[in-house]
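A.B. asks: I'd like to ask you about the structure that follows.
The values are calculated or read from the model by the stated rules, or taken from the named source; none is laboratory data. Because the structure is predicted, anything quoted here is derived from the model rather than measured. A quick note on method: Cβ atoms are made from the backbone with ideal geometry, for glycine too, and the neighbour counts reach across all protein chains shown.
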Amino acid sequence: MKKPYVSIIIPLYNPKKQLLEKIIKEIKCQKGKLQFEVIKIKGDRGLANAYNQGIRKSKGEIIITLHQDCMPLEKNSITKLINPFRDEKVVLVYSWVMEKDEKRKYYPFAPDGKFTAFRKSALEEVGLFNEIVFFTGGEDVDMWLKLKKIGKIVRVKTGILHIHPNYKGNKTIEKRRQNGSINGALTKIWGIRNPKWFKSILLCFIFPFSYGKEYIKAYISGKQTYRRKE
């Protein structure tokens with residue numbers, strides 16, 4: 001069976017040049033007689049916007065989003081990521097993530113775009129990523145929830161190394177504010193179908209002046225209203 005043409009979209013926001021070159025070199029060394037293109041998009045207008053720009057420029061039947069600080073860990077990682085699309089009902093495939101700093105390996109509860117493959121026709125069917133509501137996060141969960149309605153979602157046994165020095169997750173005030181804003185918008189749209197709705201309510205009480213404040217603002221406005229400054 002002929003392998004599908006693949007478009008790999010890499011959103012860029014102040015990338016580390018040497019790391020990015022290394023990642024692209026690793027992509028080009030992937031095994032499996034792949035037919036693919038690499039599309040680099042400036043992410044100044046947000047992740048959702050960058051993804052959508054890349055999708056509109058793409059020639060591939062399969063879209064892979066790859067973050068600028070994520071390195072495929074196997075020589076056949078891309079092949080493993082696209083193989084499930086042989087099943088025409090599959091619309092999204094995702095891998096595990098290894099955090100370099102924390103030495104932690106995990107599958108995200110909802111595919112987070114770091115190394116995620118989509119059937120292009122399915123993305124077009126649901127209207128692409130929601131760049132009106134989401135800027136620096138939340139577009140991934142929103143898309144996952146939309147695609148669950150129309151097809152199969154598969155996770156595969158391959159992964160990427162997330163190379164993000166000093167990454168502190170939800171531990172900084174700026175990150176809490178941003179995540180509060182993202183989840184406020186997600187809960188406004190999806191209610192309890194947002195997988196983090198309950199945790200979000202708890203965090204509103206624990207961090208009322210950072211997470212909670214931005215959660216409420218985003219819930220009222222219906223879109224992400226805060227982007228971290230760090």
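A.B. asks: Which members of segment 121-149 meet the condition of being surrounded by fewer than 19 Cβ atoms within 10 Å (Cβ to Cβ) and either in contact with a strand residue (DSSP E or B) (Cβ under 6 Å, 6 or more places away or on another chain) or among the aromatic types (Phe, Trp, Tyr) (or both)?
C.D. replies: Answer for segment 121-149, where residues must be surrounded by fewer than 19 Cβ atoms within 10 Å (Cβ to Cβ) and either in contact with a strand residue (DSSP E or B) (Cβ under 6 Å, 6 or more places away or on another chain) or among the aromatic types (Phe, Trp, Tyr) (or both): just Ala122.
A.B. asks: Just to be sure I understand the filter: pairs with C-beta atoms under 7 Å, separated by 6 or more residues or on different chains, first member in segment 209-230 and farther than 18 Å from Trp190 by Cα, second member among the aliphatic types (A, V, I, L, M) and not in a loop (DSSP other than H, G, I, E, B). Which pairs pass?
C.D. replies: Ser210/Ile173; Tyr211/Leu203
A.B. asks: Just checking, which of Lys100, Lys75 is touching a residue at least 40 places away in the same chain (Cβ under 8 Å), over 16 Å from the mean Cα position of the chain (by Cα) and within 16 Å of Ile163 (Cβ to Cβ)?
C.D. replies: It is Lys100.
A.B. asks: Let me ask something else about it. If we scan segment 191-204, do we find a residue that is charged (D, E, K, R), under 21 Å from Gly43 (Cβ atoms), in contact (Cβ under 8 Å) with a residue 12 or more places away in the chain and not in a loop (DSSP other than H, G, I, E, B)?
C.D. replies: The answer is no; no qualifying residue exists.
A.B. asks: Among the residues of segment 207-219 satisfying the criterion of being in contact with a helix residue (DSSP H, G or I) (Cβ under 8 Å, 6 or more places away or on another chain) and not aromatic (Phe, Trp, Tyr), which is modelled with the lowest pLDDT?
C.D. replies: Ser210
A.B. asks: Does Gln35 meet the test of being surrounded by fewer than 17 Cβ atoms within 10 Å (Cβ to Cβ) and among the polar types (S, T, N, Q)?
C.D. replies: The answer is yes for Gln35.
A.B. asks: Within segment 1-50, take every residue that is small (Gly, Ala, Ser) and without any contact (Cβ under 8 Å) to a residue 60 or more places away in the chain and give me the one that is nearest to Phe85 (Cα to Cα).
C.D. replies: Gly32
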